[in-house]
Amino acid sequence: MPGNEGFARANNEAIRQSKGEIVLLLNPDTIVQNNALERCFEKFAMSSDIACGVQLLNPDGTPQISGSFFMKGGINHLLALPYWGPFLRSVAFVLNTKKPNVPEATADEKVDWISGAFLMVKKQAIAKAGMMDEDFFLYAEEIEWCSRLKKVGSLAIYGDIRMIHLLGETIKDATQTTDKTYANLFDKKGLQLLVSNHVRIRKQFGIFWFFVQLLNCSFAVPVFLFCSFIDHLLQGKNPLTDWKRICGLAKNMTIVWGLTPTILRNQPHFYKML
């Protein structure tokens, strides 16, 4: 590629150049063990699934979320918001809402979307669903892609095949961030997450759910300020402990609002924030 064109564009070019009938998107921060690639390929080639993943593990052997389900309007993205997210999670728990992911696959599990860290796809399905959307630079592109792949056939996580994923190592090196999770919405990595999530929701669910996401994320800023102030005050700590992160979230949401007209038009645009 001529430069850092992001996950979707680089993988699309690799898919175009590939010769086989099955392609694998594999993160460089993965550790392949016990012939996981060969075993997955053989099982997948004989199956009716059009895309698959394996059960990813943290370095300590604990399970990592590898496959997930679509939530209406992508509202599960709101769970990462400080204070407001946990409140929404408690409401969902009371309402007995379906879990948005498979905590650990121990057998074959049908899912709606698969982590892009290990995503094996049949080319015949790509021919029908299309390539990854090249508007995305990083994050959410595999989710949007899986939403189209799922219209072609089934997606599965093979729980009997496992490999290690050093979550966030690639992006950590690229951005010098200290937070490897997807809950960091306060720096440049957080900006990319917020923008990509909003773009994906606009493409997959439409304008109404885009604004549901946008308004909730915006509302989370004053909630973060108020709750953090009171929380730390009650603990006898500096009530402005989170001030830098509050300002970071506010700045990032201001940028998302600035991009809103472009996102709403849903015309080709490269959303590179890093």
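The values are calculated or read from the model by the stated rules, or taken from the named source; none is laboratory data. Given the structure is predicted, the values throughout are model-derived calculations rather than measurements. Here the Cβ positions follow ideal geometry from the backbone for every residue, glycine too, while neighbour counts run over all protein chains shown. The protein model used for the area step is the full one, side chains on, heavy atoms only, and it has no ligands, DNA or RNA in it. Shrake-Rupley method; radii C 1.70, N 1.55, O 1.52, S 1.80 Å.
Brief remarks on what is shown
- When SER90 is tested against (1) open to solvent by less than 70 Å² (accessible area, probe 1.4 Å); (2) within 19 Å of the chain's Cα centre (by Cα); (3) farther than 22 Å from PHE205 by Cα, exactly one condition is not met: (2).
- The lone exception for PRO28 - which of (1) in a helix (DSSP H, G or I); (2) within 22 Å of the chain's Cα centre (by Cα) it fails: (1)
- Residues (in contact (Cβ under 8 Å) with a residue 40 or more places away in the chain and of a type outside the set (Val, Ile, Thr)) located in segment 209-219: TRP209, PHE210, GLN213, LEU214, ASN216, CYS217, PHE219
- Residue match in segment 68-77 (condition: at positive phi and part of a helix (DSSP H, G or I)): yes
- The single residue among LYS110, LYS122 that is over 27 Å from PRO28 (Cβ atoms) and of a type outside the set (Val, Ile, Thr) turns out to be LYS110.
- Going through (1) within 28 Å of LYS72 (Cα to Cα); (2) without any contact (Cβ under 8 Å) to a residue 12 or more places away in the chain; (3) outside any helix (DSSP H, G or I) one by one, PRO222 falls short only on (3).
Let's see how each residue does on (1) closer than 15 Å to GLY116 by Cα; (2) open to solvent by 70 Å² or more (accessible area, probe 1.4 Å):
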{"position": "GLY3", "(1), (2)": "no, no"}
{"position": "ASN27", "(1), (2)": "yes, no"}
{"position": "ASN35", "(1), (2)": "no, yes"}
{"position": "SER47", "(1), (2)": "no, no"}
{"position": "LEU56", "(1), (2)": "yes, no"}
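Okay, residues lined up against (1) under 21 Å from the mean Cα position of the chain (by Cα); (2) of a type in the set (S, T, N, Q); (3) crowded, with 19+ Cβ neighbours inside 10 Å; (4) within 27 Å of GLY67 (Cα to Cα):
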| position | (1), (2), (3), (4) |
| --- | --- |
| ILE157 | yes, no, yes, yes |
| ILE161 | no, no, yes, yes |
| ILE164 | yes, no, no, yes |
| THR181 | yes, yes, no, yes |
| ILE201 | yes, no, yes, yes |
| ASN216 | yes, yes, no, yes |
| GLY236 | no, no, no, no |
| THR241 | no, yes, no, no |
| LYS244 | no, no, no, no |
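- Members of segment 252-274 that are among the basic types (Lys, Arg) and more than 19 Å from LEU138 (Cβ to Cβ): ARG265
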